[in-house]
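Taking it in order: structure first as structure tokens, then the write-up.
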Amino acid sequence: MKRLLIAVLCFGGALSAAPKEPGAADPWKAFGSLLGGTWEGGGSGTPGSGTGGFSFLWDLQGKILVRKSTSTYPATKEHPAFTHEDLMVVSRESETSPLRADYYDNEGHVIHYTVSMSADGTSAQFLSDPVPAAPRYRLTYARTAAEHVSIKFEIAPPNKPDAFATYLEASARRKAGSWIPCP
């Protein structure tokens, strides 16, 4: 029974894993600390203190990576309780193009990011494209320990596109059993 369970979980994981061609480098390898699974955590910042979670899962036969996120904030004297939901699709146009991400949320925001990874693969930075007379955004995930990441979301004012100020900070841990790497 245990072997059957492991086989089922591995097969399910194989469906969400990026396909690899023989001899080809895995273009998504740098996402290793953030891939596959469901994460939960909490944080605080301008919107207040909240809890939530996100997932990074493969879709379209490993051609894109989809992040779905939900954060819940309790009522305070400044605002009623609310829930923030968003969807981000990470992709690349070709083997030589940079990773890009398109972000959408329930507040009507649409953000286009260029994605860069640290050389050691422990952090990912999503930097929004500069748009005249609009704020600029930077989202950073950094592995802090096995199965743990810190998250920072920063905003720069329209007239100073590189003067980022922290909007919120959070930490998350991968839910146990939500991702099982298969050999």
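Taking only the Cα atoms of region 43-117, the ratio Rg/Rh comes out at 1.08, with Rh defined as the Kirkwood radius. Counting other Cβ atoms within 10 Å as a rough exposure proxy, the listed residues V149, V131, V89, V110 run V110, V131, V89, V149 from fewest neighbours to most.
Per-residue Cβ neighbour counts within 10 Å put D162, D59 in the sequence D162, D59, beginning with the fewest. Protection proxy ranking, highest mean first, for peptides 78-87, 137-146: 137-146, 78-87, where packing is the per-residue count of other beta-carbon atoms within 10 Å, averaged.
Shown here for region 70-108: trypsin sites (Lys or Arg not before Pro) in loop regions (DSSP other than H, G, I, E, B) with at most 13 other Cβ atoms within 10 Å, namely K77. In plain terms, the residue of E93, E147 with the fewest other Cβ atoms within 10 Å comes first and the most crowded comes last, giving E93, E147.
None of the figures in this text is laboratory data; all of them are computed from the coordinates on show. What you are looking at is a predicted structure, and each value in this text was computed from that prediction instead of being measured. As a convention, Cβ positions derive from the backbone with ideal geometry for all residues, glycine included, and neighbour counts pool all protein chains shown.
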